1. Determine which single condition residue 129 fails, assuming it passes every other condition in (1) touching a helix residue (DSSP H, G or I) at 6+ places or on another chain (Cβ under 6 Å); (2) under 20 Å from residue 188 (Cα atoms); (3) not in a strand (DSSP E or B).
2. Only one residue in 99, 170, 134 is modelled with pLDDT under 90, charged (D, E, K, R) and under 20 Å from residue 42 (Cα atoms), so which one is that?
3. Consider residue 137 against the criteria (1) touching a residue at least 60 places away in the same chain (Cβ under 8 Å); (2) within 22 Å of residue 61 (Cα to Cα); (3) part of a helix (DSSP H, G or I): it satisfies all of them except one. Which criterion is unmet?
4. Going through 115, 108, 95 one at a time, which residue ends up being open to solvent by less than 10 Å² (accessible area, probe 1.4 Å), touching a residue at least 40 places away in the same chain (Cβ under 8 Å) and part of a loop (DSSP other than H, G, I, E, B)?
5. Just to be sure I understand, how many residues within region 118-131 are at pLDDT below 90 and open to solvent by less than 40 Å² (accessible area, probe 1.4 Å)?
6. Taking residue 189 as meeting all but one of (1) buried (at least 19 other Cβ atoms within 10 Å of the Cβ); (2) modelled with pLDDT under 90; (3) among the polar types (S, T, N, Q), write down the number of the exception.
7. Taking the options 182, 143, name whichever one is of a type outside the set (S, T, N, Q), modelled with pLDDT of 90 or more and open to solvent by 30 Å² or more (accessible area, probe 1.4 Å).
Amino acid sequence: MSQIRMWKTSCPSEDGEALQEFQNFGSEVSICRASAPSAGWFALYTTSRHEKRVAEHLWQRQIEHFLPLYHPRRKWKDGSRVTLDLPLFSGYLFVRISRNERRRVLEVPGALALVIGAGGEPVSLPDTTIQALRSGLQDREAEPHPLLVSGQRARICSGAFAGLEGVVVRQKNLCRVVLTLENIMRSFSVELSIDDLKPLPDEELVCAR
């Protein structure tokens, strides 16, 4: 697996409670429409289990951002069941900023670094990727998945994730597609119908076990 390089800030903060203790800030899409037209989307690396706290600080500063969540069911020791709101990509959220807003973002408590590319500069994500995440997570059940870099590949041909490519797997008798964000080296899976998938050249489309 390739190494993730960061645009580093100094003196990272440990501000805020643990994620599961912060119950009143759970929206998948947390947006402030304040960015310049020239702004782009960047992955922001955060203090562990403080993604929601960082998102709250970004909201207070009117910095446009997006924290994808998933909603697992858990059973407590007393037998009660709850639905949690947890980050889909542990340790990451996304900010839409212009070049001169970098320092402002990195001054946020709990914000550690912007992910950078080989040239030493923060690398932006396509608007279409963020839009696909926003739309797709409202319609499909998603969950984190171990990083998957090899296997049968297919292109999603319909729905909010149309155009994205991933690896087809079978999980708990369901056909799922594992998608990977290369910028942050994180994978997640979504349940899809096999009719929504088109095999890439030289691939025969089946749900691999």
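The values are calculated or read from the model by the stated rules, or taken from the named source; none is laboratory data. What you are looking at is a predicted structure, and each value in this text was computed from that prediction instead of being measured. A quick note on method: Cβ atoms are made from the backbone with ideal geometry, for glycine too, and the neighbour counts reach across all protein chains shown. These accessible areas exclude ligands, DNA and RNA; they are computed on the full protein's heavy atoms, side chains included. Shrake-Rupley method; radii C 1.70, N 1.55, O 1.52, S 1.80 Å.
1. It fails just one condition, (1).
2. Details: 170 fails: under 20 Å from residue 42 (Cα atoms); 134 fails: modelled with pLDDT under 90.
Residue meeting the stated conditions: 99.
3. The failed condition is (2).
4. Details: 115 fails: part of a loop (DSSP other than H, G, I, E, B); 95 fails: part of a loop (DSSP other than H, G, I, E, B).
Every option except 108 fails the conditions.
5. Matching residues across region 118-131 total 1.
6. The number of the failed condition is (2).
7. Details: 182 fails: modelled with pLDDT of 90 or more.
Answer to the check: 143.
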